[in-house]
Amino acid sequence: MIAPPPSGPVPYARDFAHRLLTDMLRIRRMEEKSAELYGAGKIRGFLHLYIGEEAVAVGALHALQAEDNLVTTYREHGHALVRGMSMDVILAEMYGKREGCSLGRGGSMHLFDKRTRLFGGNAIVAGGLPVAAGLALADKIQKTSRITACFFGDGAVAEGAFHESMNLAALWQLPVLFCCENNLYAMGTALENSESQTDLCAKAASYRMPTIKVDGMDVVAVHEATRQAQARVRAGEGPLFIEYQTYRFRAHSMFDAELYRSKAEVEEWKTRGPVHTFTARLKQEGKLSEEEFLALDAQVNTEVAAAVAFAEAGTWEPVEHMLADVYTPAGSQP
Amino acid sequence: MSDNTNNRRISYRAALHDGLREALQQDPRVFLLGEDVGRYGGTYAVSRGLLDEFGPERIRDTPLSELAFVGIGIGAALGGMRPIVEVMTVNFSLLALDQIINTAAIYHHMSGGQFSVPLVIRMSTGAGRQVAAQHSNSFEGWYAHIPGIKILAPATIEDARYILAAALADPDPVLLFEHAALYNVEGELPANETVDIKSAKVRRKGTDVTLITYGGSLPKALQAAEAMAQDNISAEVLDLRVLRPLDTEAIVASVRKCHRAVVIDEGWRSGSLSAEVMARIMEQAFFDLDAPVARVCAEEVPIPYARHLEEAALPQPEKIVAAVKALLGERA
């Protein structure tokens, strides 16, 4: 089904509406700062920014329960942040510092957090789908009420892992919410240049899985659709595929000259930017004043500055520790 | 040694079956998944009867989706279960290589030690049954290249029976390679044996030469040692059992005693496990050697179907004897 655009005013109390806006701003400002830090040589390797797609992570993750599992991709800073990893720890990981979530061993693409059940940060496209299905199988066997949310991009639908996992999740009726962030490009290859069937929901439906297609630029639409979806999965209806139609405003990574799309296309999508449209909507409805917005933004900027300071002050894992954790130390039980 | 009166004669297949059954009985977190493990009874009949005993939740037939069901094993392990994934053969495990190497092997380290993947993956390996090049590979040495996983190659009845318990007790991903030519081999099963997954084991004591091998080549090495005994050549046979991490200490100890070594490996020669074993001997026991280390490997060819060609392509007792005699020179 295609989720109808929610009509009428934002259906949330002021606090929650502000929470959604604040989280989108937190991602936006953290990502802008990350790009700057990349330019300054503080962050290295690959850096994939989420700017433009904030409504998806924020709307979707606020619809999950704390005990749920989360599996995501290499464009996951936003997911980790909304899930509850501190910006300090995220930036420290991007710096490669020991104070990062993974001691600096994973970097930008591999954020892991046992406390919030964030199982990475997988940089193999579609690599997280089988793992998500397995986590869900464990929950089904153990009869928990937990579900697993698995994020991936439109590029993943070309991989065999996508199809094998969709089939098995549907066959075994596993509690997985497949969250497809369709930003129209797999790196630089447009969906119509790589798929015979560009309707991604049709692919999922072929596995007899219910599907929802939603405007991923609208945080309210995302939240409402995901709320419904997670309730169905949690109720034991089996897996569900949700397609968030979104767009990344920045390059794929910091090495992308963006030869494959026009500036006009990017500008067109920017008019639908999730942060400014939601801000305008709240203001129009009298749920946000300019003073409140400035205060929120200032608070977010303070958080970003503190995170940079934390990462800067971080330390390097001693080289002699490098071989630790290739195997689980004797005596510790996973 | 255990009490001989308690020993019983069973096949390698039955030993694996009994180990699997015991694991399912002892730990409710353990379940088996893979192609044809349930209704069919397992391609090599290792899991026959287990579906009736444990039900379809714990003996789970999968579609032909190696990549997904190995990944599902990883996820289930992360989620608190103790899955055993059966991949029909090592050849098909290549379809799951991404999940094994890019996910299972790196998870603990790359998460900064936050997550472990207590997963066991069983698969058949090896040649010798005239099933041609797509069903006869020996990639366990290749897997042994990868940090983060452990590689086991049970070659005896007692290892087949008891190694699974040790693998399941391990907190990290363990790959268990069952040589397809061994399933029908019968032998005495010592009662109440346990095996570790750290050490190589001397299967025959000797003084003139060490035959270093594992898996399906172990019976061939033992046969060669027996034949050479009649020529007054005393061969020690060291079963590596654990291909990663390698028990270098046991290798070096035996070479120091015998001063000559032949490595027998069903993998292809170039870049093989045999090469790694030889390199370690060079690094740590070079001055104990009376002759260059030799090896008997599979010929570098896709394993052919025709019996005479397949036999010629694989390590055989005669080739091992010839390699030893060449090392001993005029003494032999």
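Considering only A:Asp215, A:Asp113, A:Asp256, the Gaussian network model of chain A with Cα springs below 10 Å gives its largest mean-square fluctuation to A:Asp256. For chain A, build the charge dipole from Cβ charges (+1 Lys, Arg; -1 Asp, Glu) around the Cα centre, then report which of A:Val233, A:Leu37, A:Ser289 sits farthest towards its positive end. Comparing the listed Cα positions along the dipole, A:Val233 ranks first. Mean per-residue shielding of peptide A:119-131 is 6, counting Cβ atoms of other chains within 10 Å of each Cβ. Just checking the listed ones, B:Ala165, B:Ala298, B:Ala279: in the Gaussian network model of chain B with Cα springs under 10 Å, the one fluctuating most is B:Ala279. Sparsely packed loop sites in region A:10-87 (the GluC sites (Glu not before Pro) outside DSSP H, G, I, E and B with at most 15 other Cβ atoms within 10 Å) comprise A:Glu67. Sequentially through region B:106-117, phi angles give Karplus couplings (6.51, -1.76, 1.60; θ = phi - 60°) of 9, 4, 5, 5, 6, 8, x, x, 6, 10, 10, 10 Hz, Gly and Pro residues having no value and appearing as x. Extension gain, B:Gln130 to B:Leu64, is 21.4 nm, computed as 0.36 nm per intervening residue step minus the present C-alpha separation. Charge dipole of region A:186-293 (Cα centre as origin; +1 on each Lys and Arg Cβ, -1 on each Asp and Glu Cβ, all else neutral): 340 debye, rounded to the nearest 20. The order of A:Ile43, B:Ile100, going from fewest to most other C-beta atoms within 10 Å of their C-beta, is A:Ile43, B:Ile100.
Test of the criteria: in region B:52-125, which GluC sites (Glu not before Pro) are in a DSSP loop and have at most 13 other Cβ atoms within 10 angstrom of their Cβ?
B:Glu57
Classification of region B:201-327 by its C-alpha gyration tensor yields an oblate form. The axis ratio a/c (a ≥ b ≥ c) is 1.5 or more, and b/c is at least a/b. Working from label points 7 Å from Cα in the Cα-to-Cβ sense, the A:Ala324 to A:Ile124 distance is 2.7 nm. Between the helical axis of B:317-328 and the longest alpha-carbon principal axis of chain B there is an angle of about 40 degrees. Quick check: net charge around A:Ala306, other residues with Cβ under 11 Å of its Cβ, Lys/Arg +1 and Asp/Glu -1? Result for the neighbourhood of A:Ala306: -3.
What the Cβ-Cβ distance of B:Thr248 and A:Leu294 gives, at R0 = 60 Å and to the nearest 0.05, is a FRET efficiency of 0.40. Here region B:201-327 is treated with +1 on each Lys and Arg Cβ and -1 on each Asp and Glu Cβ, and its dipole about the Cα centre works out to around 260 debye.
Backbone phi angles across region B:216-222, fed through the Karplus curve with coefficients 6.51, -1.76 and 1.60 (θ = phi - 60°), yield HN-Hα couplings of x, 8, 4, x, 5, 5, 5 Hz in residue order; Gly and Pro are listed as x. Taking the longest Cα principal axis of chain B as reference, the axis of helix B:66-78 is set at about 70 degrees. Give me the distance between the Cα centres of region B:17-94 and region B:175-211, rounded to whole Å. The distance from the Cα centre of region B:17-94 to that of region B:175-211 comes to 24 Å.
Our coupling estimate for region A:149-161, obtained by passing each phi through the Karplus curve with A = 6.51, B = -1.76, C = 1.60 and θ = phi - 60°, is 9, 10, 9, 7, x, 5, x, 5, 5, 7, 8, x, 4 Hz, Gly and Pro reported as x.
Net charge near A:Thr211: determine it from the other residues with C-beta under 12 Å of the C-beta of A:Thr211, scoring Lys and Arg +1 and Asp and Glu -1. Walk me through the numbers before you get to the answer.
Working: positive: A:Lys203, A:Arg208, A:Lys213, A:Arg232; negative: A:Asp199, A:Glu243.
With Lys, Arg at +1 and Asp, Glu at -1, the net is +2.
Here's how it looks for A:Arg250: its modeled amide H is under 5 Å from those of A:Ile51, which are all 5 or more places away or on a different chain. For trypsin sites (Lys or Arg not before Pro), the sites in region A:102-176 that DSSP calls loop and that have at most 11 other Cβ atoms within 10 Å are A:Arg115, A:Lys143. According to the square roots a ≥ b ≥ c of the eigenvalues of the Cα gyration tensor, what is the shape class of chain B, taking rounded for a/c under 1.5, prolate for a/b larger than b/c otherwise, and oblate for the remainder? Because a/c hits 1.5 or more and a/b exceeds b/c, chain B counts as prolate. Close amide H pairs (under 5 Å, H built 1.01 Å from N) link B:Leu119 with B:Val174, residues at least 5 positions away or on another chain. Ranking B:Ala132, B:Leu189, B:Ala167 by Cα position along the charge dipole of chain B, where only Lys, Arg, Asp and Glu carry charges on their C-beta atoms, puts B:Leu189 farthest toward the positive end. Calculation over all alpha carbon pairs of region B:1-121 in 10 angstrom steps from 0 returns a P(r) of 13, 40, 30, 13, 3, 0 percent.
Count Lys and Arg as plus one, Asp and Glu as minus one, and take only other residues whose Cβ is under 12 Å from that of B:Gln284; the net charge is then -1. Report note on the peptides A:305-316, A:232-243, A:89-100, A:258-269: ranked by the mean count of other C-beta atoms within 10 Å, highest first, their order is A:89-100, A:232-243, A:305-316, A:258-269. So for the protein assembly as shown: antiparallel DSSP bridges make up what percent, rounded to the nearest 5? Of all bridge pairs located within the protein assembly as shown, approximately 15 percent are antiparallel. In this Cβ point-charge picture (+1 for Lys and Arg, -1 for Asp and Glu), the protein assembly as shown has a dipole of about 620 debye about its Cα centre. Beta bridges per DSSP, both residues in chain A: antiparallel share near 10 percent.
Taking a ≥ b ≥ c as the square roots of the eigenvalues of the Cα gyration tensor, the protein assembly as shown is classed as prolate, since a/c reaches at least 1.5 and a/b is larger than b/c.
None of the figures in this text is laboratory data; all of them are computed from the coordinates on show. Just so it is clear, the structure is predicted and the values come from calculations on it, not from any experiment. Cβ: placed from backbone, ideal geometry, glycine included. Neighbour counts: every protein chain shown.
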